[in-house]
Amino acid sequence: MIKRIAFFAYGVVCYAIFFGTFLYAIGFIGGFGVPRTLDGERSGPLPAAVAIDAGLLALFALQHSIMARDWFKEAWTRIVPKPLERSTYVLFSSAALILLFWQWRPLGGVIWSVENDTARIALRALFAFGWALLLLSTFLINHFDLFGLRQVWLFLTGKPYTSLRFATPGPYKVVRHPLYVGWLFAFWMTPVMSSAHLLFAALATGYILVAIQFEERDLVRHHGEYADYRKRVPMLVPFTKRS
């Protein structure tokens, strides 16, 4: 019983770290309410700052993708107990983001600045919409399984883990990846686009487009019906042909 409680406590701590990181990310990308944000004046050589920022994003991308692959999980769960695999993935993802927040180098410069008050409010509303869609999308496909709490809860209560059924609730009927659509709104909907923000948004968008390819291969492997779903529903842009 002590082991079960310890596993559950570990999962809760990992989730709490994730949620704090998630909230910080809103301010970091949006440029408000946190000590360090994407924007600011450059304090060192531009090439070095760009290299550091790109490296931080690459580190997150590699961690986020490699640890999600089946071949890695099979090897990893020889070290980490299976009920803790997802929580540990969430913990490592949070650590990669915290490192990015801490070491990010502003680049100075402004690509665009929207001065019209109505347009600024609209962009902020779309920014908020992106975060809301992102969070809603996780709950529609089981938020607690996605972030490891369901796994440690089942272990605590002595129940076997069962994989989730494939389903397409709500926005999943319109696009295959509403969660990523939410991220894109969060990245790009800003009244002031600094050089650093543009670098972040462009590289993160490129990562999303690549990550989707790997993710969908796994989904086809695990859920046979996903292949038909992929033919019927566009990837990111609603009401378009399959993308």
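Please specify each residue of the range 107-142 satisfying the condition of being closer than 23 Å to Met189 by Cβ and either in contact with a Cys (Cβ under 6 Å, 6 or more places away or on another chain) or not hydrophobic (A, V, I, L, M, F, W, C) (or both). Scanning the range 107-142 gives Gly108, Gly109, Ser113, Glu115, Asn116, Asp117, Thr118, Arg120, Arg124, Gly130, Ser137, Thr138. The helices (runs of 4 or more DSSP H) falling completely within the range 1-115 that include 2 or more residues that are under 14 Å from the mean Cα position of the chain (by Cα) and surrounded by 15 or more Cβ atoms within 10 Å (Cβ to Cβ) map to 2-30, 46-66, 82-103. Among the residues of the range 147-177, the one identified as under 20 Å from Gly130 (Cβ atoms), surrounded by 18 or more Cβ atoms within 10 Å (Cβ to Cβ) and aliphatic (A, V, I, L, M) is Val175. Taken together, Val220, Val192, Val210 contain a single residue that is closer than 26 Å to Ala51 by Cα and surrounded by 13 or more Cβ atoms within 10 Å (Cβ to Cβ), which is Val192. Restricting the range 62-104 to residues that are more than 22 Å from Ala16 (Cα to Cα) and acidic (Asp, Glu) leaves a set whose member that is modelled with the lowest pLDDT is Asp70.
A single entry from Leu198, Leu209 fulfils the requirement of being at pLDDT 95 or above, farther than 24 Å from Tyr15 by Cα, touching a strand residue (DSSP E or B) at 6+ places or on another chain (Cβ under 6 Å) and among the aliphatic types (A, V, I, L, M): Leu198. The requirement of being of a type in the set (S, T, N, Q) and either within 30 Å of Thr118 (Cβ to Cβ) or assigned to a helix (DSSP H, G or I) (or both) is satisfied by Thr190. Just one of the listed residues (Ala49, Ala16) is without any contact (Cβ under 8 Å) to a residue 12 or more places away in the chain and not β-branched (Val, Ile, Thr), and it is Ala16.
Residues in the range 58-78 that are closer than 30 Å to Leu199 by Cα and touching a Phe, Trp or Tyr at 6+ places or on another chain (Cβ under 9 Å): Ala58, Phe60, Ala61, Gln63, His64, Ser65, Ile66, Met67, Ala68, Arg69. Sub-8 Å Cβ pairs linking a first residue in the range 213-234 that is over 18 Å from Tyr180 (Cβ atoms) and touching a residue at least 24 places away in the same chain (Cβ under 8 Å) to a second residue that is among the charged types (D, E, K, R) and assigned to a helix (DSSP H, G or I), at least 6 apart or interchain, are Arg221/Asp70, ordered by first then second residue.
Being among the small types (Gly, Ala, Ser) and farther than 16 Å from Phe19 by Cα is true of Ala128.
The values are calculated or read from the model by the stated rules, or taken from the named source; none is laboratory data. Fair warning: this is a prediction, and the values are worked out from it, not measured in the lab. Neighbour counts run over all protein chains shown; Cβ positions are idealised from the backbone, glycine included.
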